[in-house]
Amino acid sequence: MNILVCITHVPDTTSKIQFTDNNTKFDSTGVQFIIGPYDDYALARAVELRDQTGGKLTVLNVGLAESDPTLRKALAIGADEAIRVNSEPKDSFFVAKQIAHYAKEGGYDLILMGRESIDFNGGMVHGMVGELLGMPSFSPVMKLDVEGTTVKMAREIEGGKEMLEASLPLIAGCQEPIAEWKIPNMRGIMSARTKPLNVVNPVTDETQAVATQYQLPPAKGAVKLVDKDHVEELVKLLKNEAKVL
Amino acid sequence: MSILVYIEHAEGKVKKTSLEAVSFANALSAKTGEGDVVALALGTIGQDELAAVGKAGASKVLHASDDRLTAGVIQAHASAVAQAFEKVGAKTVVLAKSSLGDAVAARLAIKINAALVSNVVELPDTSAGYKVKRSIFTGKAFAETEVTTENKILAIKKNAVDLKADGSDAAVESFEVSLADSDFASKITATERATGEVLLPEADIVVSGGRGLKGPENWGMIEDLAKTLGAATGCSKPVSDIGWRPHHEHVGQTGVKVAPSLYIAIGISGAIQHLAGVNSSKCIVVINKDPEAPFFKAADYGIVGDAFEVVPKLNEALKAEL
């Protein structure tokens, strides 16, 4: 089975979010970039599936050269080869178009990615790629097993989950607990250096919804502390001041 | 021309978040003059419940009653919405952000050649072009997004708009959808849903517990407090990781993002990943015995004290007041 995993190159979850150039650009000063946490789950499950069934595991990122270390990390975790579409990921539609093109070229049986990127939180690329390729798409998928050409999944819904069955090929946006994150070992890191990382050109420039200006939420005022022996004070504040009861 | 709203329902009730989407569309139409608001409901649901969608601001509800659509089959729903879009001659689709809504909207965007903007927090600015403010970085920032397509899909974040309740009943019209077998190529074989409880992503009040509660056997007081408040229960990531609580209760960066009016955090230190899931709450109360817990910096109100002592007292005080 040939698997494609699409990964994002995003600021670490503990990063302080700031903007620069008159709030038109993300400020990456001092920020560490990682494989998107949801993508990392997708990758971990893909490595397990590849090890079970054989075949090839390819990772893909739409990004500039700064994504290369992130792709190398994915190779160290267990991917066989990497593709980088050499462009800024301008919007979800743009990214979906690139993925759909290279996914079609590769003829993959299974395409996995995170349920959403943790920077723009769109959560739409998997569905767009699915529609572009005429493949079913599912998200957020928290369990995925392949038996022959049948795929059994659990998809999270509000307050629970639903069990699904579908056939390959398909696309899934993944989240925990689909697999445990894998930490690259020394052998993986060494072999990642020589695995292929192919840089390819974007196939279209088309965009639909580009972010042009950023804003931080207003600063929070200081916390109002209530004495632990007078909890009724808190009830009064919630009722009369915050008006949330 | 009309604005189309895709509405979801569960257990015979239209979801509150979908009603918010209807109210959002109503306000949007008042601003852009896009005509009336037409809601689309798929699958088996009562006619009275659908007529009541009018109160939130819809003038008409299209109802495709094909029972195969009652379950949220993503492909089939996307096809159905695309057909309704065509029928009413809409340029804009509005829906509530949700597990199903997100999955359907992404496919729909390609089908109807529309830009999809997700996590929308307020009405678009149409003074020059079409700019939509959305929440990004899991609530840690906002982005103004310039939409350049004629057709648009807006996925609304909870609490983006006040729910309208003064409209009159909507006319319910049956709607024939033509669906191919391929739309049902995937099968939903079972659904597990916590019943009779307030659902976390849609709750107006959330009570969450963390590792400070020491074990799953101590969740009784969290549930009691939630019951008093009519709240949903949530938990921190470590708590769901060690299996004290189910995964669908995990609030945070990689779990459920909530946006209630009131969020009460008990025995949760307030790691940045947890805060990312709650920072859209209107009011945050933190109860923690450690005065240095970082959560206090993100809170509106706080009590420094032992949860086992404070929570039962708070529950009693609330019962007396409510």
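A few remarks follow.
Listed here are the residues, each with its yes/no results for (1) within 17 Å of B:Gly33 (Cβ to Cβ); (2) within 7 Å of chain A (Cβ to nearest Cβ); (3) crowded, with 24+ Cβ neighbours inside 10 Å; (4) in contact with a Gly (Cβ under 9 Å, 6 or more places away or on another chain).
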| site | (1), (2), (3), (4) |
| --- | --- |
| B:Val94 | yes, no, yes, no |
| B:Asp102 | no, yes, yes, yes |
| B:Lys111 | no, yes, no, no |
| B:Ala114 | no, no, yes, no |
| B:Val117 | no, yes, yes, yes |
| B:Val121 | no, no, no, no |
| B:Asp125 | yes, no, no, no |
| B:Thr138 | no, yes, yes, yes |
| B:Glu150 | yes, no, no, no |
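- Of the candidates B:Gly215, B:Gly210, the single residue that is in the same structural domain as B:Pro294 (by TED's automatic domain parsing), surrounded by fewer than 16 Cβ atoms within 10 Å (Cβ to Cβ) and of a type outside the set (Ser, Thr, Tyr) is B:Gly215.
- Within segment B:206-322, strands (runs of 3 or more DSSP E) holding 2 or more residues that are under 21 Å from A:Glu233 (Cβ atoms): B:262-266, B:283-288, B:301-304
- Residue in segment B:1-8 that is of a type in the set (Asp, Glu) and within 19 Å of the chain's Cα centre (by Cα) present: yes
- Scanning segment A:3-16 for residues that are crowded, with 18+ Cβ neighbours inside 10 Å and in a loop (DSSP other than H, G, I, E, B) yields A:Ile7, A:Thr8, A:Thr13, A:Ser15.
- Of all the criteria given as (1) closer than 19 Å to B:Ala10 by Cβ; (2) touching a residue at least 40 places away in the same chain (Cβ under 8 Å), the one not satisfied by B:Asp183 is (1).
- Among the residues of segment A:144-166, those identified as farther than 12 Å from B:Ala190 by Cβ and more than 7 Å from chain B (Cβ to nearest Cβ) are A:Leu144, A:Asp145, A:Val146, A:Glu147, A:Gly148, A:Thr149, A:Thr150, A:Val151.
- Listed by first and then second residue, the pairs with beta-carbon distance under 9 Å, at least 6 apart or on different chains, first residue in segment A:71-84 and without any contact (Cβ under 8 Å) to a residue 12 or more places away in the chain, second part of a helix (DSSP H, G or I), form an empty list.
- Single residue of A:Ile118, A:Ile111 found to be within 13 Å of chain B (Cβ to nearest Cβ), under 18 Å from the mean Cα position of the chain (by Cα) and aliphatic (A, V, I, L, M): A:Ile118
- Residue in segment B:39-53 that is within 14 Å of chain A (Cβ to nearest Cβ), out of contact with any helix residue (DSSP H, G or I) (no Cβ under 6 Å at 6 or more places or on another chain) and at pLDDT below 95 present: no
- Residue that is surrounded by fewer than 23 Cβ atoms within 10 Å (Cβ to Cβ), of a type in the set (Ser, Thr, Tyr) and not assigned by TED's automatic domain parsing to the domain that holds B:Asp306, where the choices are B:Thr189, B:Thr228: B:Thr189
- Filtering segment A:171-223 to residues that are farther than 30 Å from B:Val285 by Cβ and at the interface with chain B (Cβ under 9 Å from one of its Cβ atoms) leaves A:Gly173, A:Thr207, A:Gln208, A:Ala209, A:Val210, A:Ala211, A:Thr212, A:Gln213.
The values are calculated or read from the model by the stated rules, or taken from the named source; none is laboratory data. Note that this is a predicted model, so its numbers are computed, not measured. Note that each Cβ is placed from the backbone with ideal geometry, even for glycine, and that neighbours are counted across all protein chains shown.
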